[in-house]
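The structure under discussion appears below in the form of structure tokens.
The values are calculated or read from the model by the stated rules, or taken from the named source; none is laboratory data. Please read all numbers here as calculations on a predicted model, not as lab measurements. No Cβ is skipped: glycine too gets one built from the backbone with ideal geometry, and neighbour counts run over all protein chains shown. For accessibility, only protein heavy atoms count, side chains too; no ligands or nucleic acids. Shrake-Rupley method; radii C 1.70, N 1.55, O 1.52, S 1.80 Å.
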Amino acid sequence: MTGTFDGTEHRHAYPRLYELMSALQVRHLDVELRASPLALLVTRRDSGARQTVTCKPRVTDHDRMWFFDEASNEPIAEAAHIVDAAVIIAGHLAPAP
């Protein structure tokens with residue numbers, strides 16, 4: 001982990017990102033947990049494709065925690081659905097057919 005956690009992020013973001021990190025590593029993706037700002041840097045080993053994932057409340061879903069693509073600020077999946085999020089992220093990083 002780089003940097004230090006300063007506690008400014010939502011209190012439930014760190015455990016959810018940590019769970020997602022484990023689920024992505026099982027799928028043979030390189031994952032780095034960044035502390036400030038809190039996010040996961042996910043990289044596909046063979047292609048170098050990369051995605052940065054954040055976790056924060058989604059206003060349009062009663063402030064439930066969601067994973068978001070940092071670059072586009074698009075929602076990926078609700079943070080309670082770790083496996084779904086891992087599959088979606090792995091799919092984003094997969095080579096086009």
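Key figures
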quantity	calculated
Test: ARG50 is touching a Ser or Thr at 6+ places or on another chain (Cβ under 9 Å), modelled with pLDDT of 95 or more and open to solvent by 60 Å² or more (accessible area, probe 1.4 Å)	yes
Qualifying position, being touching an Asp or Glu at 6+ places or on another chain (Cβ under 9 Å) and surrounded by fewer than 18 Cβ atoms within 10 Å (Cβ to Cβ), among ARG45, ARG11	ARG45
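Residues checked against (1) surrounded by 13 or more Cβ atoms within 10 Å (Cβ to Cβ); (2) hydroxyl-bearing (Ser, Thr, Tyr):
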{"residue": "THR54", "(1), (2)": "yes, yes"}
{"residue": "VAL59", "(1), (2)": "no, no"}
{"residue": "HIS62", "(1), (2)": "no, no"}
{"residue": "PHE67", "(1), (2)": "yes, no"}
{"residue": "GLU78", "(1), (2)": "yes, no"}
{"residue": "HIS81", "(1), (2)": "yes, no"}
{"residue": "ALA85", "(1), (2)": "yes, no"}
